[in-house]
Each structure stands twice: as structure tokens, then as C-alpha cells.
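For reference, the structure discussed in these notes is given below.
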Amino acid sequence: MGDASANSHGWYRRAFQDDYLLVYSHRTLKEARQQVSVAIKHLPFKRGQQLLDIACGSGRHLLAFAERGAEVTGIDLSAPLLNEAEALFRGTKHTATLKRADMRELPFTSRFDGASMWFTSFGYFSKESDDLKALKSLAAALRPGGWWWIDIPNPVYLRDNLVPESERSVNCDGARILILEQRRIVGDRVVKRVTLQDGKGERTWEERVRLYTPEQFGYIIKRAKLTTHGVLGDYAGAALAASRPRQIWYGLRP
């Protein structure tokens, strides 16, 4: 994540704070383990590899890879999410290197055997050129022959199945927290407005993600000098299709 500005284009600076952990508390380590188990069936993954997880968030996938024997490094721009990842690893026998960094300017060169980006952590920037810069930075962090795995939404499925509004509640330390999510597609972006209500009052913010068609993403991947070996349509490993919610791309750095 990252943006030089603090204006509306840098929406993720507001979105990925402590409240994010409440909104996405239903995302579990068990779920991440299952997703990583599917990933390694398609990747040249081996124990002992150096893995970079970009926009690692609370570290669920990072830990799942560590449990498989990888030596893991996670980067994120959000200090609260990195703190959560540190706490997650603290309760295990595994270790992780965690760094606060902008995905467009990764502080690594030809260091990793593999790199992953999970759960719509791509397409955040106001300029497509910054998305390309993030991919080039990922490519530069990989050793020649290193693998990559990027998980983004399928815009065809999303346009056909978008839920305009939903409401749910979660419990945190015995307190009920109400979460209202309003979704719409504006041009080439999906915009989600999140309103959270609890004992502290009401907070509202937006998430804005650029939607790439398979043709568009395939093109930008080529511009980043990466090769594609396959595209999946969901976390169970099904092929990409209009009826599948995800585009999960994987391949190698030549």
C-alpha cells in the first residue's frame, strides 16, 4: 500500500487502521491455511524458500506459509495491521520479518523465491502507472525464476453479483458493533463505503479498488516483465470463468 498524498486518493491510509480488523474479523487463519494449501499445488513452492507477502495485513497468509516451512517477510503500510501480525506470530513457534513499506518502492532486490498478494491488495492507486510500479517492484524483489501469486476480483462476476448494501454486527470484548457496507461500481472501480457504530460513536470511510479485466491485467503483468502460468477463479482452485468471483494469477519472474 502507499501514496504520497494524504487526500482522498490515499483512502487506504484511513481504511487500514484498527477498525479494519473489526470489519474483517471473519477472515480467519483456518481460511488462510486452506487458501495457501491450494496455492502451493500450483506453485514451485518448497520448504526453506524466502517468501515475501505484500500488503500482508494481520499476517494470516504469512503464518500459513511459515507453517509450511517458508522463511517469511511481510510488508504493509499500516502500522496497526503490522502490530496485529506481530502479535499473531508471537503466539507461535514461527518467526517473521515485518516491515512498514510502500509496495511501489520495496526495499529488496532479487532476494525472494516467491511473492504473494492476497485478498484484493492490488489496484489501490489513483493512477494505473502506480499499479504498474507496484508490479515492477514485486518483480525486482524476486530472484530470477521466482514465483508470484496475485489475488484480485473478477469484475464480470462482481458487476453481476454486487450486493448494494449489507448490515451485520460483531462482538468485541462483549460489546456489539454494527457494520454497514454500501457498494457501488463507479467507472473502473468498485467503491465500498463502510460505516461502523459502537460505544465510541460512528466512523465512516471508503475503500476504492480499480477493477482489471483479465485482458487488462494480463497486459500489465507483461509490462512488469513477469510471465503468467495460470489463472484461477476461486480459492478452491476452479478455473477462471464469469461465474467465479476471483482472478488469482500466478507465474514466474523470467
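The values are calculated or read from the model by the stated rules, or taken from the named source; none is laboratory data. Treat the numbers as computed from the prediction; the structure is a model and nothing was measured. For neighbour counting, all protein chains shown are included, and Cβ atoms are generated from backbone atoms with ideal geometry for every residue, glycine included.
Odds and ends about this structure:
- Members of segment 53-95 found to be within 15 Å of residue 114 (Cα to Cα) and not in a helix (DSSP H, G or I), listed by number: 53, 54, 55, 56, 68, 69, 70, 71, 72, 73, 74, 75
- Each residue in segment 47-67 was checked for being of a type outside the set (Val, Ile, Thr), in contact (Cβ under 8 Å) with a residue 60 or more places away in the chain and out of contact with any Ser or Thr (no Cβ under 6 Å at 6 or more places or on another chain), and 4 pass.
- Only one of the numbered conditions (1) polar (S, T, N, Q); (2) modelled with pLDDT under 95; (3) not in a loop (DSSP other than H, G, I, E, B) is not met by residue 129, and that is (2).
- The set of residues in segment 96-113 that are out of contact with any helix residue (DSSP H, G or I) (no Cβ under 9 Å at 6 or more places or on another chain) and either not in a loop (DSSP other than H, G, I, E, B) or not assigned by TED's automatic domain parsing to the domain that holds residue 126 (or both) comprises 97, 113.
- Check on residue 58, over 30 Å from residue 178 (Cβ atoms), in contact with an Asp or Glu (Cβ under 6 Å, 6 or more places away or on another chain) and surrounded by 18 or more Cβ atoms within 10 Å (Cβ to Cβ): no
- Boolean, residue 8 is among the hydroxyl-bearing types (Ser, Thr, Tyr) and either modelled with pLDDT under 95 or under 13 Å from the mean Cα position of the chain (by Cα) (or both): yes
- Spans of strands (runs of 3 or more DSSP E) in segment 200-254 with at least 3 residues farther than 27 Å from residue 110 by Cβ and not assigned by TED's automatic domain parsing to the domain that holds residue 118: 201-210
- Selection from segment 123-163 of residues that are under 24 Å from residue 210 (Cα atoms) and more than 22 Å from the chain's Cα centre (by Cα): 160
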